[in-house]
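Peer 1: Just dropping this structure here.
The values are calculated or read from the model by the stated rules, or taken from the named source; none is laboratory data. This one's a predicted model, so the numbers in the text were calculated from it and none came from an experiment. As a convention, Cβ positions derive from the backbone with ideal geometry for all residues, glycine included, and neighbour counts pool all protein chains shown. The accessibility values were calculated without ligands, DNA or RNA, using every heavy atom of the protein model including side chains. Shrake-Rupley method; radii C 1.70, N 1.55, O 1.52, S 1.80 Å.
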Amino acid sequence: MTVMHIGNKPQRLTVLGSTGSIGTNTLDVVARHPGRFEVFALTGARQVDLMLSQCALFKPRFAVMVDEQAASALKDKIRAEGLLTEVLSGTDALDEVASHPDVDAVMAAIVGAAGLSPCLAAARQGKRLLLANKEALVVGGEVFLEAVKQGGATLLPIDSEHSAIFQSLPDDRATWDARVEKIILTASGGPFRTRDVATLKDVTPEQACAHPNWVMGRKISVDSATMMNKALEVIEARYLFGLAPERLEVVIHPQSIIHSMVQYRDMSVVAQLGTPDMRVPISYGLSWPERMTSGAQALDFHALSAMTFEALDDHGHSERFAGIHLAWDALRGPRGTTVVLNAANEIAVAAFLDRRIRFDQIHHVNQACLAQVLPAMPSDLDDLIALDAQVRAAAEDVVRLLAR
């Protein structure tokens, strides 16, 4: 079992995607526990000033900017500030700081398929891998799980739903299949849960990014609005917990207080509750099997409004959130089908945010790619990358047709 400390040494941490929402929340939790963690490396894409401030506060050995111009600008500012952090650039550097022998734990918070390679690198080297990047499993699938097994890595889920499931399952993984009836993931329903389906074509990027409960990045906020985030989470749960797809269920819970549940064979249900604050699952992943303060507010049951639940087929949700059902379609398809769904969705969401397609057309792009692209059973990272690129090209073609 992985422990917090090695002797009296702090846990050395690489944060992949430190300038994003999960990354900044991770550093907030780390800052609350001086001496328990040492930030080894931080990575980002283009937010130079934010990365500079993080380097000044946490003094990592390395800072990686994927964009070379951003890396050059950061290097100049690091030098001007007299900081000792070494600045690296490019995607290969992500793999390097994720798999470095001096690293104990990796927070994987890079959005999208771009996070797969450093996750695989960390897994192969047996790191404690805190997985906030659901695409690593959605895209990586069996290839990623094999790397975790071969490297002897410790895989801990950080998504609030999967962390809740992990906390609600028995400690002995070997008993999960026999003792568990099903896993129930909760979904808030996003900002359009009660909106007239006929008006979804008029949704703007600004409206789609205004989540009622959670503060998240733009891509995942759109995914929440379409419920594609829940489709990806169903796929992630399949790979994380090993239950058959038909034993995975989604229920809409608008208040986001119950983060997910496990129903056992005796029909008892174990649930994890808490305020909607990502610092809770982050702190659990960082401290597991211990627990430590997260900075989140305590759940006040006296002030809590009624908790409600809705089925996916209630109130027109099947039409409003048609994309959620693609999760089970993809899991029933040949190996690699989940790669198709993820890549198509990334292109579709980007096109919507760029105002090239309508909100309601995101689902059409995903459906079209699932129908057009037949995956050729990817068996390694190169195969996954090639399939991802093939789907993205097909999705761009669909976007161009819709944008006419």
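Peer 1: Which of the strands (runs of 3 or more DSSP E) found entirely inside the stretch 1-98 contain at least 1 residues meeting this: in contact with a Phe, Trp or Tyr (Cβ under 6 Å, 6 or more places away or on another chain), open to solvent by 10 Å² or more (accessible area, probe 1.4 Å) and farther than 24 Å from PRO157 by Cα?
Peer 2: In the stretch 1-98, 86-89 are the strands (runs of 3 or more DSSP E) which contain 1 or more residues that are in contact with a Phe, Trp or Tyr (Cβ under 6 Å, 6 or more places away or on another chain), open to solvent by 10 Å² or more (accessible area, probe 1.4 Å) and farther than 24 Å from PRO157 by Cα.
Peer 1: Another question about this same structure. Does PRO118 qualify as being in a helix (DSSP H, G or I), modelled with pLDDT under 95 and closer than 29 Å to GLY44 by Cβ?
Peer 2: No, not satisfied.
Peer 1: Would you check if LEU331 is among the aliphatic types (A, V, I, L, M) and within 19 Å of the chain's Cα centre (by Cα)?
Peer 2: Yes.
Peer 1: Return the residues of the stretch 190-229 that are in a loop (DSSP other than H, G, I, E, B), open to solvent by less than 40 Å² (accessible area, probe 1.4 Å) and either under 24 Å from ILE110 (Cα atoms) or touching a Ser or Thr at 6+ places or on another chain (Cβ under 6 Å) (or both); say none if nothing qualifies.
Peer 2: Within the stretch 190-229, CYS209, HIS211, TRP214, GLY217, MET227 meet the criteria.
Peer 1: Among the residues of the stretch 123-130, is any surrounded by fewer than 19 Cβ atoms within 10 Å (Cβ to Cβ) and in contact with a Cys (Cβ under 6 Å, 6 or more places away or on another chain)?
Peer 2: Looking for residues that are surrounded by fewer than 19 Cβ atoms within 10 Å (Cβ to Cβ) and in contact with a Cys (Cβ under 6 Å, 6 or more places away or on another chain), one finds none in the stretch 123-130, hence no.
Peer 1: What pairs come out if I take residues in the stretch 373-396 that are within 10 Å of VAL340 (Cβ to Cβ) and pair them with residues that are exposed (fewer than 13 other Cβ atoms within 10 Å of the Cβ) whose C-beta lies under 9 Å away, six or more apart or interchain?
Peer 2: Cβ pairs passing all conditions: LEU374/PRO334; PRO375/PRO334.
Peer 1: Go through (1) outside any loop (DSSP other than H, G, I, E, B); (2) polar (S, T, N, Q); (3) closer than 30 Å to ARG36 by Cα and name the single condition GLN297 misses.
Peer 2: That leaves (1) as the condition not met.
Peer 1: Please verify whether GLU233 is in a helix (DSSP H, G or I), in contact with a strand residue (DSSP E or B) (Cβ under 9 Å, 6 or more places away or on another chain), of a type in the set (Asp, Glu) and surrounded by fewer than 24 Cβ atoms within 10 Å (Cβ to Cβ), treating the condition exactly as stated. Give the steps one after another, and end with the answer.
Peer 2: Details: in a helix (DSSP H, G or I): yes; in contact with a strand residue (DSSP E or B) (Cβ under 9 Å, 6 or more places away or on another chain): yes; of a type in the set (Asp, Glu): yes; surrounded by fewer than 24 Cβ atoms within 10 Å (Cβ to Cβ): no.
So GLU233 does not fit the description; no.
Peer 1: Let me ask you something else. Considering only the stretch 107-165, state which residues are of a type in the set (Val, Ile, Thr) and more than 17 Å from ASN229 (Cα to Cα).
Peer 2: Once the filter is applied, which keeps residues that are of a type in the set (Val, Ile, Thr) and more than 17 Å from ASN229 (Cα to Cα), the stretch 107-165 yields VAL143, VAL148, THR154.
Peer 1: Hey, another quick one. Return yes or no: is ALA348 under 18 Å from MET228 (Cα atoms), of a type in the set (Gly, Ala, Ser) and in a helix (DSSP H, G or I)?
Peer 2: For ALA348, the condition - under 18 Å from MET228 (Cα atoms), of a type in the set (Gly, Ala, Ser) and in a helix (DSSP H, G or I) - is met.
Peer 1: Looking at PHE309, PHE301, PHE241, which one is surrounded by fewer than 15 Cβ atoms within 10 Å (Cβ to Cβ) and within 30 Å of ILE362 (Cβ to Cβ)?
Peer 2: Result of the check over PHE309, PHE301, PHE241: PHE309.
Peer 1: Also, quick follow-up: Regarding the stretch 171-188, can at least one residue be identified that is outside any helix (DSSP H, G or I), at positive phi and in contact (Cβ under 8 Å) with a residue 12 or more places away in the chain?
Peer 2: Within the stretch 171-188 (the criterion being outside any helix (DSSP H, G or I), at positive phi and in contact (Cβ under 8 Å) with a residue 12 or more places away in the chain), the answer is no, since none of the residues qualifies.
Per-residue answers, yes or no, for (1) touching a residue at least 40 places away in the same chain (Cβ under 8 Å); (2) not aliphatic (A, V, I, L, M):
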position	(1), (2)
GLN272	yes, yes
ILE282	yes, no
LEU286	yes, no
LEU299	yes, no
HIS302	no, yes
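Peer 1: In the stretch 351-397, which residues are in a helix (DSSP H, G or I), aliphatic (A, V, I, L, M) and open to solvent by 80 Å² or more (accessible area, probe 1.4 Å)?
Peer 2: ALA371, ILE385 - these are the residues of the stretch 351-397 that are in a helix (DSSP H, G or I), aliphatic (A, V, I, L, M) and open to solvent by 80 Å² or more (accessible area, probe 1.4 Å).
Peer 1: Which of the residues belonging to the stretch 257-270 are touching a residue at least 12 places away in the same chain (Cβ under 8 Å), open to solvent by 10 Å² or more (accessible area, probe 1.4 Å) and not aliphatic (A, V, I, L, M)?
Peer 2: Of all residues in the stretch 257-270, those touching a residue at least 12 places away in the same chain (Cβ under 8 Å) come to 257-265, 267, 269-270.
From what's left, open to solvent by 10 Å² or more (accessible area, probe 1.4 Å): 257-259, 261, 263-265, 267, 269-270.
Those that are touching a residue at least 12 places away in the same chain (Cβ under 8 Å), open to solvent by 10 Å² or more (accessible area, probe 1.4 Å) and not aliphatic (A, V, I, L, M): HIS259, GLN263, TYR264, ARG265.
Peer 1: Additional query: Select from the stretch 162-189 the residues that are charged (D, E, K, R) and modelled with pLDDT under 95 and write down the one among them that is most open to solvent (accessible area, probe 1.4 Å). Break it down stepwise before answering.
Peer 2: Within the stretch 162-189, the first condition is being charged (D, E, K, R), and the residues that meet it are 171-173, 177, 179, 181-182.
Add one more test, that the residue is modelled with pLDDT under 95, and what stays is 171-173, 177.
Details: ASP171: 160, ASP172: 81, ARG173: 124, ASP177: 88 Å².
Looking at the filtered set, the residue picked out is ASP171.
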